[in-house]
Amino acid sequence: YSFGISDDTLSIYEVFTGENSIEDVIVRKEGLDILPSNIRLSDIELSLHSTDNRTAILKEMLSSYRSKYDFIIIDCPPSKSLLSINALVASEKVIATILLDVLSVQGLNHIIRTVSEIKEVLNNDLTFLGVLAVNVDMRKNISGEVIQFIKENFDVSLFKCYIRTNVKIAEAPSHGESVLKYASTSNGAKDYKSLAVEIIKLNS
C-alpha cells in the first residue's frame, strides 16, 4: 500500500504456493525490487505446519537472490508466528523499531527473547544490528528517559540516528510513495537517509 501497489498484484503468497517465481512477483519502484505481500499470506500459516523444514522455506526461496542485492529487507511483525520465524531464520541481522514509551519497552523485551531463541535453535548467525527509535519528539521528557533506560538495561545497540515525528512520513503512504520521493527535503526523508548511511557504515 505504501508504494501504491494494488492488493490484486501477485504477491509472495504465490511464491509460497509455487504458482509463481520470485522474479514473476517482483515489483520495481523507486530503485527497489519489492516482493509484495497481502492478507492472503495469513492463509499460508496452516499449510506450512505440515511442510518439511517449515522454518527455513523463506531462506531457501531467497538463497539464489542473495548475491544479486546489497541488502534484502524483510518487514514483519514482532510475533512468533511461523512466517515471522521464517523471516528470522532467513536473516542475518535484526532491526527493531520502538516508540519511546513504557509499553514499547515491554515489547522490546519480547523481541530480544524471540531473537535469542531463534539464534540458539535455528539460526546461529542471527544478531541485532540495532534498535531504531521512531516517531520521536525529544521535547518530551519520556523520550530521553526511555532512551537512557534502554542503554542501561538492554544488551542491544541503539542507532545513533532516530526518526523524528514528521507529518510527511504519515502522508506519503496515501500518495503511494516513499517519504524520500514524496517530500525529499522533509525531516522524515533526512532521518531515513541518515539511517541508511549508518546501516551501510555498520555493515562495511
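Just so it is clear, none of the values below were taken in a lab; they were calculated from the coordinates. Worth saying up front: this structure is predicted, and the values here are computed from it rather than measured. A quick note on method: Cβ atoms are made from the backbone with ideal geometry, for glycine too, and the neighbour counts reach across all protein chains shown.
Helix 102-121 and the long axis of the chain differ in direction by around 40°, with both axes built from C-alpha atoms. Rounded to the nearest 20 debye, the dipole magnitude of the chain is 780 debye, with +1 charges on Lys and Arg beta carbons, -1 on Asp and Glu beta carbons, and the Cα centre as origin. Under the combined filter of DSSP loop state and at most 13 neighbouring Cβ atoms within 10 Å, the stretch 54-83 retains these chymotrypsin sites (Phe, Trp or Tyr not before Pro): Tyr69, Phe71. Distance between the modelled labels on Arg54 and Asn109, one decimal in nanometres: 2.9 nm (7 Å Cα→Cβ projection).
In degrees from 0 to 90, rounded to the nearest 10, what is the angle of the helix 141-153 Cα long axis to the longest principal axis of the chain? Taking Cα atoms only, the helix is inclined about 60 degrees.
Among the GluC sites (Glu not before Pro) found in the stretch 1-66, those both in a DSSP coil and sparsely packed, with 16 or fewer other Cβ atoms within 10 Å of their Cβ, are Glu19, Glu30. Helix content alone sets the calculated 222 nm mean residue ellipticity of the chain: runs of n ≥ 4 DSSP H residues at -39500 (n - 2.57) each, divided across all residues, give -12000 deg cm²/dmol. What does the C-alpha gyration tensor say about the overall shape of the stretch 11-57? Classify as rounded when a/c is under 1.5, otherwise prolate if a/b is larger than b/c, or oblate. Since a/c reaches 1.5 and a/b is larger than b/c, the shape of the stretch 11-57 is classed as prolate. Among rounded, prolate and oblate, which fits the stretch 99-178 when a ≥ b ≥ c are the square roots of the eigenvalues of its C-alpha gyration tensor, a/c under 1.5 means rounded, and a/b larger than b/c means prolate? It is oblate, given that a/c is not under 1.5 and a/b is not larger than b/c.
Please determine, in degrees from 0 to 90 and to the nearest 10, the orientation of helix 187-203 with respect to the longest principal axis defined by the Cα atoms of the chain, where the helix direction is its Cα long axis. Computed tilt is about 70 degrees. Shown here for the stretch 142-204: chymotrypsin sites (Phe, Trp or Tyr not before Pro) in loop regions (DSSP other than H, G, I, E, B) with at most 16 other Cβ atoms within 10 Å, namely Phe154.
The modelled label-to-label distance between Lys151 and Val197, using points 7 Å beyond Cα along the C-beta direction, is 2.1 nm. Label the chain by shape, choosing from rounded, prolate and oblate, from the square roots a ≥ b ≥ c of the eigenvalues of the Cα gyration tensor; if a/c is under 1.5 it is rounded, and otherwise prolate applies when a/b is larger than b/c, oblate when it is not. Oblate is the answer for the chain, as a/c is 1.5 or above yet b/c matches or exceeds a/b.
If you count Lys pairs in the chain whose Cα atoms are under 19 Å apart, skipping same-chain pairs closer than 8 places in sequence, the total is 26.
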